[in-house]
Each structure stands twice: as structure tokens, then as C-alpha cells.
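Each remark here refers to the structure printed beneath this line.
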Amino acid sequence: ILRRIAEPDRVVSFRVCWEDDNGNIRVQRGWRVQNNNAIGPYKGGIRFHPSVTESVLKFLAFEQTFKNALTGLPMGGGKGGSNFNPKGKSVREIMRFCQSFMTELYRHIGADVDVPAGDIGVGGREIGFMFGQYKRITNEFTGVLTGKGLEWGGSLIRTEATGYGAVYFLANMLAAKGQDLVGKSAVISGSGNVATHAAEKIVQLGGKVLTLSDSGGFIHDPDGITQEKIDWVKAHKTHRRGRIEDYCAEFKSATFTAGKTPWAVPCDVALPCATQNELNGDDAKMLVANGCIAVSEGANMPTDLAGVHVFKDAKIMFAPGKAANAGGVAVSGLEMSQNSGRRSWSEAELQQMLKDIMAGIHERCLTYGDQGGGYIDYVKGANIAGFKKVADAMLAFGVV
Ligand code: NDP
């Protein structure tokens with residue numbers, strides 16, 4: 001099972017040609033890694049970023065398989081994307097790229113086959129362009145992508161779900177120790193979908209957010225990043241495609257540090273929500289030395305291996321991404337159910353379902369992660385619980 005589970009079922013690789021606004025023909029590579037469909041259709045995001053390679057997508061699809069199993073919903077694991085860089089591109093260029101990407105991808109996906117979603121560089125707008133092209137080519141209106149707009153099959157709270165879920169998981173870990181988020185200071189990296197919604201939920205639950213970041217550096221606002229400031233960041237990063245350093249011109253209490261991650265800022269809790277390997281061993285030592293008691297990974301594998309060991313040795317609460325950020329794919333799973341049933345649930349129903357799913361994942365982690373003496377190894381708990389479900393299904397199918 002270990003040897004079979006480590007091999008993706010299928011890796012599709014294809015050329016994507018598109019025309020830029022100056023009439024130049026541009027060529028990119030696109031991929032879809034269909035990792036494992038033992039417990040449901042392949043499911044996982046699409047990433048557009050110059051750092052995307054087949055290797056990056058393979059690790060993300062592998063992680064996704066166990067994350068999806070942890071949610072308790074019937075979803076297999078996959079991941080896709082392209083080395084296309086959306087930064088500095090016009091909306092028309094992004095549309096032409098998305099259409100060209102889907103013109104290849106459409107033959108490999110389907111509502112019961114493989115259901116992609118968004119990820120870094122792919123938000124509601126890009127999902128719209130890709131869904132439109134899928135519908136145009138196949139003449140089918142079907143739940144083939146998640147993260148869709150509310151008017152055309154999307155689910156309420158899908159946009160918020162990953163960040164909110166990462167904070168619900170954090171609250172579950174704290175509650176297991178008789179604590180909550182009220183009055184706790186939080187350091188967050190990133191300023192995209194996951195980071196801004198994690199910040200929003202921390203504020204709603206009574207915590208104080210001190211930092212946000214992007215690939216240019218981080219901002220530190222000792223007065224706290226309030227809902228009003230988060231709304232400004234969302235508009236600035238998403239609609240204006242701006243840089244996080246512009247925050248300091250808008251809110252004078254903040255400072256910007258170029259080229260650095262925010263982990264040296266003392267805090268009670270930390271949420272890495274930007275990208276992989278953004279928190280290394282030295283960063284982890286600094287967080288622990290400064291009194292950080294809990295880390296919840298909003299991004300996928302943001303803490304490198306040395307950092308994970310530091311957190312485990314210090315026995316602080318550490319939630320790996322496959323458990324902590326599963327709220328996004330969970331609500332994607334609920335979007336698939338709503339599409340199949342041709343219905344939509346209310347926001348209150350979905351909020352409750354998301355909370356229940358995150359509490360369920362926390363419980364599953366406890367089953368295999370409780371080490372006694374008050375220490376819970378969430379990495380071990382999440383890995384074993386996710387693996388067991390997929391492995392049991394594969395065993396039932398025989399050698400296929
Ligand atoms: P967005 O594109 O909305 O935001 C990404 C953020 O991370 C931006 O602030 C970006 O800065 C920063 N960033 C991206 N790449 C790098 C890099 N190489 N170095 C430094 N900063 C970087 O993406 P999401 O918020 O959707 O995704 C963030 C993380 O969460 C990813 O790991 C993703 O896989 C994971 N995730 C997302 C889910 C979702 O539902 N969206 C679900 C589960 C996990 P800049 O603007 O400068 O590029």
C-alpha cells in the first residue's frame with residue numbers, strides 16, 4: 001500500500017498557448033496530477049504561479065489526498081496548475097490564458113471524475129473564465145469546478161472557508177487546553193484569500209492580528225489589524241492587485257519590513273497562510289522563544305521539516321495544513337453536493353457544517369495523536385487518520 005499510495009494514479013502534462021495584448025504568442029506548461037481516487041473523485045486546486053512545477057504539484061496532490069480523507073467527505077486527491085504568472089497581466093490576457101488552459105484540461109475532468117478548485121493565483125474570476133470555457137466546449141452545465149460564483153452554482157462561504165476553518169481548528173486546539181482566542185495576539189503571513197479570512201475570524205473571536213505579508217515583505221501593525229483594515233487589504237490585493245507595503249501609507253501605525261517573513265514578531269499564536277517552506281527551523285525557534293503557544297497552518301506545508309521538529313520538540317500545539325486548512329476543500333465538497341442535488345444551503349447551515357467538520361477533523365487527530373500527559377501530536381494524528389481511510393479503501397479494491 002505504501003508503494004502504491006506514493007505513486008500518482010496519473011500525471012497529465014500539456015502545452016498552453018495564448019496570445020498577449022501585443023499579439024505575441026506565449027507558451028506555458030499546464031499539469032493535472034490525479035493522485036488517488038480511492039474514496040471519491042479527484043479533488044484539489046489549480047495554481048497559477050511561476051514557481052509551479054510537476055514536482056510541486058505532486059507533493060500538493062499527495063497532501064491533498066489525506067487532507068480530503070480527513071474531512072470525512074467522499075473526495076479523492078488531485079492538484080493542477082501552470083507556471084503562468086498572472087502578475088502584471090491584463091484581465092483579457094488572464095481570460096485568454098484560462099480559456100486555453102481549459103481547452104486542454106476539459107477532457108480529463110468531470111463532476112464525477114475530477115473537480116478542480118482555486119489556489120494561489122486562481123480566484124473567483126479565473127474559475128469563472130475556466131467554467132465558461134468548459135461549458136462552451138462540452139455544452140454541459142455541471143459541477144465540474146468549485147469556488148464558482150453564487151449566481152452560477154457556487155456555495156456561500158467557500159471564499160471564507162479555508163481561513164475561517166484554520167482559525168476554528170486553532171480554537172479547537174486551544175479549547176482542548178481550556179483556552180480561547182480572546183486577547184491573544186496573532187502573527188499571520190500572506191495577504192491573499194486564506195490570510196485575510198484567517199485574520200477576519202481571529203478578530204471575530206476576540207484576538208488581535210499584528211501582521212500580514214506578501215512576496216515583498218511584511219507589515220506590522222501594533223494597534224491591531226481591524227476588520228476595516230482587513231477590508232482595505234482585500235480590496236487592495238484582489239481588485240487593485242496592489243502590494244502589502246502600501247498598507248503603511250494608509251494606516252500610519254504600521255511599519256513595513258522588506259524581504260522578510262513576520263516570524264520574529266512576538267505573538268501567542270501564528271498562522272502561516274502564504275506558501276510552502278515559508279517558515280524554517282530558525283523561524284520556529286524564534287516563535288517558541290518568544291512565547292508562541294500554537295501554530296495553525298493555513299497554507300500547504302508552510303513549515304519546513306526542521307521547523308516541524310522544533311514545534312514537536314517544544315510540544316507546542318501545531319496543526320499541520322492537511323488538518324488545519326481542510327475547511328476550504330470541505331466546503332468545496334459541500335458545493336459538489338449542492339450541485340448534484342440542484343439546491344443551495346443557507347449561510348447559517350454552511351457555517352455550522354464547516355464548524356462541525358473542523359471539530360470532526362480535530363477529533364480524528366486526537367484518536368491517533370494523543371500522546372498522554374496533555375500532549376497531542378497533531379502531525380501524527382492527521383497523518384495516520386488520513387492515511388488509514390485511503391489505505392482501507394485501496395485494500396478493499398484488491399490489486400488495481
Ligand atoms: P492567494 O493567491 O490568494 O494568496 C497568496 C499569498 O501568498 C499572497 O499574499 C502572495 O503574495 C503570497 N505568496 C505566494 N507565493 C509566495 C512566495 N513564493 N513567497 C512569498 N509569498 C508568496 O492564495 P491563497 O490564499 O488561496 O493560498 C495560500 C496558501 O493556502 C497556499 O499554500 C494554498 O495552497 C493554501 N490553500 C488555499 C486554499 C484555498 O481555498 N484558497 C485551500 C487550502 C490551502 P504576492 O501577492 O506577493 O504573490
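The values are calculated or read from the model by the stated rules, or taken from the named source; none is laboratory data. The structure displayed is predicted, hence computed values, not measured ones. Glycine gets a Cβ as well: all are built from the backbone with ideal geometry, and neighbour counts include every protein chain shown.
Annotations for the structure displayed:
- Look at (1) under 16 Å from T275 (Cα atoms); (2) within 14 Å of the ligand (Cβ to nearest atom) and you find that S55 fails only one, number (2).
- Within the stretch 218-244, residues that are away from the ligand (no atom under 15 Å from the Cβ) have Cβ atoms under 9 Å from residues that are assigned to a helix (DSSP H, G or I) and among the hydroxyl-bearing types (S, T, Y) in these pairs: D221/Y247; K229/Y247; D231/T196, counting only partners at least 6 apart in sequence or on another chain.
- Among the numbered conditions (1) among the hydrophobic types (A, V, I, L, M, F, W, C); (2) over 17 Å from D119 (Cα atoms); (3) out of contact with any Leu (no Cβ under 9 Å at 6 or more places or on another chain); (4) within 16 Å of the ligand (Cβ to nearest atom), the only one that W263 does not meet is (3).
- Looking only at residues in the stretch 149-176 that are without any contact (Cβ under 8 Å) to a residue 60 or more places away in the chain and more than 22 Å from the chain's Cα centre (by Cα), the one that is farthest from L334 (Cα to Cα) is A175.
- From the list N139, N172, N193, the lone residue that is farther than 21 Å from I244 by Cβ and buried (at least 22 other Cβ atoms within 10 Å of the Cβ) is N172.
- Options A274, A324; residue that is crowded, with 23+ Cβ neighbours inside 10 Å, under 20 Å from I384 (Cα atoms) and not polar (S, T, N, Q): A324
- Verdict on K87 being basic (K, R), buried (at least 17 other Cβ atoms within 10 Å of the Cβ), within 16 Å of the ligand (Cβ to nearest atom) and closer than 22 Å to A195 by Cβ: no
- Annotation note: Cβ proximity below 8 Å between a residue of the stretch 275-298 that is within 13 Å of M317 (Cβ to Cβ) and modelled with pLDDT of 95 or more and a residue that is of a type in the set (V, I, T) and assigned to a loop (DSSP other than H, G, I, E, B) (sequence gap 6+ or interchain) occurs for V288/I316; C292/I316; I293/I316; A294/I316; V295/I316.
- When we screen R15, R26 for residues that are of a type in the set (D, E, K, R) and under 26 Å from T142 (Cα atoms), the only hit is R15.
- Condition check for G178: out of contact with any Ser or Thr (no Cβ under 8 Å at 6 or more places or on another chain) and near the ligand (Cβ under 9 Å from one of its atoms): no
- For the stretch 338-358, a residue qualifies if it is touching a residue at least 12 places away in the same chain (Cβ under 8 Å), exposed (fewer than 15 other Cβ atoms within 10 Å of the Cβ) and assigned to a helix (DSSP H, G or I), and the qualifying residues are S340, E347.
- Looking only at the stretch 263-299, residues that are assigned to a loop (DSSP other than H, G, I, E, B), within 12 Å of S185 (Cβ to Cβ) and in contact with a strand residue (DSSP E or B) (Cβ under 9 Å, 6 or more places away or on another chain) come to 6 in all.
- Residues (closer than 22 Å to G206 by Cα and either free of Cβ contacts under 8 Å to residues at least 24 places away in the same chain or not acidic (D, E) (or both)) located in the stretch 245-271: F251, S253, A254, P262, W263, V265, P266, C267, V269, A270, L271
- Test: residue in the stretch 177-186 that is within 29 Å of E335 (Cβ to Cβ) and touching an Asp or Glu at 6+ places or on another chain (Cβ under 9 Å): yes
- Condition met for S296 (out of contact with any Lys or Arg (no Cβ under 9 Å at 6 or more places or on another chain), among the hydroxyl-bearing types (S, T, Y) and within 16 Å of the ligand (Cβ to nearest atom)): yes
- Qualifying residue in the stretch 189-209 (condition: in contact with a Pro (Cβ under 6 Å, 6 or more places away or on another chain) and either within 16 Å of the ligand (Cβ to nearest atom) or touching a residue at least 24 places away in the same chain (Cβ under 8 Å) (or both)): yes
- Among (1) within 16 Å of the ligand (Cβ to nearest atom); (2) without any contact (Cβ under 8 Å) to a residue 60 or more places away in the chain - the single one V308 does not satisfy: (2)
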